[in-house]
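Trainee: Please see the structure below; I have some questions.
The values are calculated or read from the model by the stated rules, or taken from the named source; none is laboratory data. Here the structure is a predicted model, which is why all the values come from computation and not from measurement. Because the Cβ atoms are built from the backbone with ideal geometry, glycine has one as well, and the counts that use them run over all protein chains shown. Just the protein is used for accessible areas: all its heavy atoms, side chains included, with ligands, DNA and RNA removed. Shrake-Rupley method; radii C 1.70, N 1.55, O 1.52, S 1.80 Å.
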Amino acid sequence: MRATVVVFPGINADAEMVRTLRGVCGLSTTVIRHTETELPAGTDLVAIPGGFCYGDYLRAGAIAKVAPIIGAIVRHANRGGYVLGVCNGFQILTEVGLLPGALTRNKSMQFACGDVYVKVGAVGPYTPQVDAVWRLPIAHGEGRYQATPAVLAELEQSGRIALQYCEKDGAITEASNPNGADKNIAALYGGPRKNVFGIMPHPERMSEAILGGIDGRIPFDAVIVAGGAAGGVHATAPAAHTVG
């Protein structure tokens, strides 16, 4: 399996993402800039890290959605290729329409930072065991997921709510919700085969014991297994100029 990490101006969690994909999970990983127009040939997984792309001007992800690389990412997702958007990456995925709804200012109007618990609500390529509880770190000011009642109902019915904020014992409560997200949503599935995954917490920052835990490695290991079983859906364009 081959991964490509896409870096936009202002992204600041790319090093952790590359470290997890390449150093922890052992994936062949390429880093490209937002200015490319194609993904490297053979790309199975596209990862968009967290940060503050373009300073979150206008709103988080609003400028990134018109970057040259976006068309290639959308094409990759629509043909079933794996896409992972973490924090700012999640925001970008909603802006480009690969995931429904929007990420808005935290209900408290304050930046949220610390460890939280999330519960797996749906099985998919990144979440292999329903009802499992993970501990992951968050760091965001615009992490409140919101959608219309119709969209929320469809997400529930189609098994697209991947993770919900919860207590340590798995209870989904208002107190465990760090940003006021509708239905405590922390992560969503999209794409034709749940191949698109947007997650607000940072699994790449909890992927090694030295970082305080390894729950964050679960979604990475799971998608590697899923990709191997499915045979992958590769990017077929000529390799883009790469860095890293």
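Trainee: Taking only the range 87-97 into account, find how many residues are assigned to a loop (DSSP other than H, G, I, E, B) and either aromatic (Phe, Trp, Tyr) or surrounded by 24 or more Cβ atoms within 10 Å (Cβ to Cβ) (or both).
Mentor: Counting residues in the range 87-97 that are assigned to a loop (DSSP other than H, G, I, E, B) and either aromatic (Phe, Trp, Tyr) or surrounded by 24 or more Cβ atoms within 10 Å (Cβ to Cβ) (or both) gives 1.
Trainee: Of these, Leu58, Leu27, Leu45, Leu84, which one is without any contact (Cβ under 8 Å) to a residue 40 or more places away in the chain and either under 22 Å from Ile218 (Cβ atoms) or surrounded by fewer than 21 Cβ atoms within 10 Å (Cβ to Cβ) (or both)?
Mentor: Every option except Leu58 fails the conditions.
Trainee: Suppose we filter the range 66-81 for residues that are assigned to a helix (DSSP H, G or I) and either of a type in the set (A, V, I, L, M, F, W, C) or open to solvent by less than 20 Å² (accessible area, probe 1.4 Å) (or both); how many remain?
Mentor: 7
Trainee: Out of the residues in the range 156-204 that are hydrophobic (A, V, I, L, M, F, W, C) and in contact with a Cys (Cβ under 8 Å, 6 or more places away or on another chain), which is surrounded by the most Cβ atoms within 10 Å (Cβ to Cβ)?
Mentor: Checking each candidate, the answer is Met200.
Trainee: Does Asp44 fit the bill of being out of contact with any Pro (no Cβ under 9 Å at 6 or more places or on another chain), modelled with pLDDT under 95 and among the acidic types (Asp, Glu)?
Mentor: The answer is no for Asp44.
Trainee: For Pro9, are the conditions met, namely being in contact (Cβ under 8 Å) with a residue 40 or more places away in the chain and open to solvent by less than 30 Å² (accessible area, probe 1.4 Å)?
Mentor: no
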